[in-house]
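Structure first, commentary second.
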Amino acid sequence: MTSFVSIRSKLRKLFLMQVRRWLFPIADPVSVLRGLFNYPRFFADWRRYAAISGAEPLHLTDIYPQLHDRTSTTGIDSHYFYTNGWAMRRIVAQLPVQHVDIGSQTMFVNLLSAVLPVTFVDYRPLEVGMNGLTNRCGDILNLPFADGSIKSLSCLHVAEHIGLGRYGDPLNPHGTHHATRELARILAPGGNLYFVLPVGKPRVCFNAHRIHAVKTIVEYFSDLELVELSGVHDDAQFVEHAGLNEFKESEYACGMFWFRKR
């Protein structure tokens, strides 16, 4: 009986996950239901606020309902929260003269560029102007740098997407592997590479991302030395200096690799 309940629970979870994945690109059903549930409270707050002495006039054309922010804790995307903090702490501690980032979160490169000069390369050009930040259009499979020319390099939560067409890039089943070889090519001797992507049970969640085994990534960078492996478990727990088997049974963990070219 217990086994039957467990199987039914897993099937229900799988069904709901698939429903959300298919509907999310056009309408996230969870957000829709939560929004509908919260509208009565929004209208009640509107009436109460308007009745407070000294309250500003509330015009219908200016009303802007926010229905998802009344939470008991501050929500985060655990992968990106820990990734950005992990990488920035290590990069700054190494005191590089300049740094090159390939396709990571724009907020990360913006903040890092306040500390040291950063060149940001992305398949889709970043059209902004900011002191300390240089933007270049480039393909991670054909980076615009000479062999062994970059001393400090990062690529955070990017390579798992390469070759799946999500961002308009050509379809390529070996996209992640080819990207790792290109990163290794431009890394200078003695240089540091900070590399992050999903790890766990290997599979492709088309066209969102791939999930790789930790040991596969280490093999992809076999010509580099692994300085550190850290990461985030499925339950959002951050682990520093993990072993190679730490995330072996994970569904969607985050692997943070610090490599150095010998």
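Which order, highest average first, do 77-87, 157-167 follow once you tally other Cβ atoms within 10 Å for each residue and take the mean per peptide?
On the way: 77-87: 19.3, 157-167: 20.9.
Most protected by this proxy first, the peptides run 157-167, 77-87.
Using a 1.4 Å probe on the protein chains only, how many percent of the accessible area of the chain belongs to carbon and sulfur?
Values: 9210 of 15740 Å².
After summing per-atom areas, the C and S share lands at 58 percent.
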If you line up the Cα atoms of the range 189-262 on their principal axes, what length do they span on each, largest first, in Å? 34, 26, 17
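Could you give the dipole magnitude of the range 166-216 about its Cα centre, charging the beta-carbon of Lys and Arg +1 and that of Asp and Glu -1, in debye to the nearest 20?
Values: 7 positive and 2 negative charges, 44 e Å.
Here the size comes out at about 220 debye.
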When the chain is fully extended, how far beyond the present Cα-Cα distance does residue 34 get from residue 244, taking 0.36 nm per residue of separation? 71.6 nm
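Give, as a single signed number, the net charge of other residues whose beta carbon lies under 13 Å from the beta carbon of residue 258, with Lys and Arg counted +1 and Asp and Glu -1. All intermediate terms of the calculation are to be shown ahead of the outcome.
Values: positive: 89, 90, 260, 261; negative: 225, 228, 240.
In short, +1.
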What number does the range 73-176 give for Rg over Rh if you use C-alpha atoms and the Kirkwood radius? 0.97
Separation in nanometres of the label points that stand 7 Å from Cα toward Cβ, at residue 130 and residue 215: 4.0 nm
What does the highest-first list of 53-66, 125-138 look like by mean Cβ count within 10 Å? 125-138, 53-66
Rounded tilt (10° steps) of 2-23 against the dominant C-alpha axis of the chain: 90 degrees
Any idea what the dipole of the range 98-186 comes to, in debye rounded to 20, about its Cα centre with Lys/Arg Cβ at +1 and Asp/Glu Cβ at -1? 100 debye
If we restrict to alpha carbons, what Rg and Dmax does the range 120-205 come to, in Å? 13.6, 41
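Find, to one decimal place in angstroms, the Kirkwood hydrodynamic radius of the range 1-131, where the mean of 1/r is taken over every pair of different Cα atoms and then inverted. Write down the numbers at each step before the final one.
On the way: mean 1/r = 0.0495 Å⁻¹.
Its Kirkwood hydrodynamic radius stands at 20.2 Å.
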Measuring from label point to label point, each 7 Å out along Cα→Cβ, what is the residue 53 to residue 72 span in nm? 3.7 nm
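Could you work out how much longer the chain between residue 17 and residue 44 gets when fully extended? Use 0.36 nm per residue separation minus the Cα distance between them, nm to one decimal. Write out the running numbers ahead of the final one.
Details: separation 27, 0.36 × 27 = 9.72 nm, distance 3.29 nm.
Stretched out fully, the residue 17 to residue 44 stretch lengthens by 6.4 nm.
Which order do 235, 139 take by accessible area at a 1.4 Å probe, largest first?
On the way: 235 105, 139 50 Å².
Final ranking, largest accessible area leading: 235, 139.
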Cut-off under 21 Å on the C-alpha distance; same-chain residues fewer than 8 positions from residue 215 excluded. Which lysines are left, in chain and number order? 201, 248, 261
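Students often check this: by mean Cβ neighbours within 10 Å, which of 239-249, 207-217, 41-51 ranks highest, and how do the rest follow? Show your work: numbers first, answer last.
Details: 239-249: 14.1, 207-217: 18.2, 41-51: 10.8.
So the order, starting with the most tightly packed, is 207-217, 239-249, 41-51.
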For the range 27-33, in residue order, the Karplus 3J(HN,Hα) values (coefficients 6.51, -1.76, 1.60; θ = phi - 60°; whole Hz; Gly and Pro = x) are 5, 5, x, 5, 5, 4, 5
Can you find, among 57, 140, 121, the residue farthest towards the positive end of the dipole of the chain? Put +1 on the C-beta of Lys and Arg, -1 on that of Asp and Glu. 57
Accessible area per residue for the chain in Å², computed with a 1.4 Å probe and the full protein assembly in place, what is it? 60 Å²
Treating the beta-carbon of each Lys and Arg as +1 and of each Asp and Glu as -1, no other charges, what is the dipole magnitude of the chain about its Cα centre, to the nearest 20 debye? 680 debye
Under the Debye formula (equal points on every Cα, no solvent term), log10 I(q)/I(0) of the range 86-136 at q = 0.13, 0.16 Å⁻¹: -0.26, -0.39
Per residue and in cubic angstrom, what volume does the convex hull of the Cα atoms of the range 137-262 have? 97 Å³
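Would you kindly calculate the mean projected area, averaged across all directions, of the convex hull enclosing the Cα atoms of the range 5-64, in square nanometres? Let's see the in-between values first.
Numbers: hull surface 25.8 nm².
So the Cα hull casts an average projection of 6.4 nm².
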Taking Cα atoms, how many degrees apart are the long axis of helix 78-94 and the longest axis of the chain, rounded to 10 and kept between 0 and 90? 40 degrees
Give me the number: length gained by fully extending residue 207 to residue 27, i.e. 0.36 nm times residue separation minus the C-alpha to C-alpha distance, one decimal in nm. 63.0 nm
For the chain, compute Rh as the Kirkwood radius over C-alpha pairs and then the Stokes-Einstein diffusion coefficient at 10 °C and 1.306 mPa s; write the answer in µm²/s, rounded to an integer. 75 µm²/s
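The values are calculated or read from the model by the stated rules, or taken from the named source; none is laboratory data. This structure is a prediction, so every number in the text was calculated from the model and none was measured. Cβ sites come from the backbone with ideal geometry, for glycine too, and all protein chains shown count toward neighbours. Ligands, DNA and RNA are excluded from the accessible area calculation, which covers all protein heavy atoms including side chains. Shrake-Rupley method; radii C 1.70, N 1.55, O 1.52, S 1.80 Å.
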